[in-house]
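Presented below is the structure to which this report refers.
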Amino acid sequence: MAMRRDPFEEMDRMFEQMRRSMSAWNGWDGHPSLSGDGQRDINLSLDTDEEGYVLLADMPGFEKEEIDLRYEDGMISIRATHETSSDDGTVAERHTRHAHEQLHVGDVIEAEITASYRNGVLEVHLPTREETTDDESRIDID
């Protein structure tokens, strides 16, 4: 008599493997109370305006002082670390949550980059250099 496999058992195994893979990729520390369901801690959107790019990063739970924002070689990098601790008299716990995202934005005017952080949203303005539209430098190909 052949044993029947429980399909839900196989699904549970696959989901656990996927959760472990995502946890390693995301820097999740295994504490659901801090990282929700293991999804990314930073949700990014990049738009353009008349001056260049506008990057919005949703970063709930982080304080402004915990965020390290850098631009180098066409890449904008956001790193954040949040630590919490509790002591109920019997057990002391300490949790750390890390988030890191990098995005290639190209050639921006580094000295004119501005950023603000309000209500869990980081807003970064990345002015770009104006492209020259001088027709004399354009070469037509036959």
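Brief remarks on what is shown
- Among residues of segment 62-75 that are surrounded by 11 or more Cβ atoms within 10 Å (Cβ to Cβ), those with a Cβ under 8 angstrom from a residue that is aromatic (Phe, Trp, Tyr), sequence gap 6+ or separate chain, pair up as Lys64/Tyr117; Ile67/Tyr117.
- Glu112 being under 30 Å from Glu130 (Cα atoms), at pLDDT 70 or above and not small (Gly, Ala, Ser): yes
The values are calculated or read from the model by the stated rules, or taken from the named source; none is laboratory data. Everything quoted here is computed from the prediction, not taken from an experiment. Because the Cβ atoms are built from the backbone with ideal geometry, glycine has one as well, and the counts that use them run over all protein chains shown.
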